[in-house]
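Let me begin by presenting the structure, written as structure tokens, before commenting on it.
Readers should treat all values here as calculations from the given coordinates under stated rules, not as data from a laboratory. Not measured: the values here are computed from a predicted model. Please note: Cβ atoms are built from the backbone with ideal geometry, for glycine as well, and neighbour counts cover all protein chains shown.
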Amino acid sequence: PSRARPVAWARTRWPFWRRRCVELIERFVTDDEVEALAQSADVILVPRLGSLNSGNVALAFSLGKVALGPGGGVIGEELERLGNPTFDPADLRTVAPAVALARSRTADGQQARRNRDYAQTELAWNRVAAQYVAGYDRCRSGHNVHSTEAANRG
């Protein structure tokens, strides 16, 4: 059975200033709805505050979407590594320019392709699973789990 997610999704069609194009859904969104809503978005905003990571970044990348979210932490690192915009979660004035930048990066499709390619290689299930197995093997054998060599294998 599917677990509903307590989030609010906003669907946007551009240019947003010319017509009503944002739909706010203030209810639990089911797993079945998540992909359809994400597919219909031009960009995916990851609205996190003081959070180290979010599956929404991987979701955006795997769907070939431009993503934006808070700078810093793992979210900021992942977004910035591929050239996706970030904002300062402590300064709401930085969100609008980040959204505009994200929107501009959808024009030629290069950012979306870069994100999808990254998801298909670096975030692929077989690669992630191999990294987990390597980490567990190192724990069982008593080796230093935090070494960079172990983190880079897979």
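What helices (runs of 4 or more DSSP H), lying completely within segment 15-104, carry at least 3 residues that are within 18 Å of L123 (Cβ to Cβ) and free of Cβ contacts under 8 Å to residues at least 40 places away in the same chain?
Working: elements: 31-40, 55-62, 73-81, 95-104.
Here the list reads 31-40, 55-62, 73-81.
For segment 105-146, a residue qualifies if it is within 18 Å of the chain's Cα centre (by Cα) and in a loop (DSSP other than H, G, I, E, B), and the qualifying residues are R105, T106, G109, E122, L123, A124.
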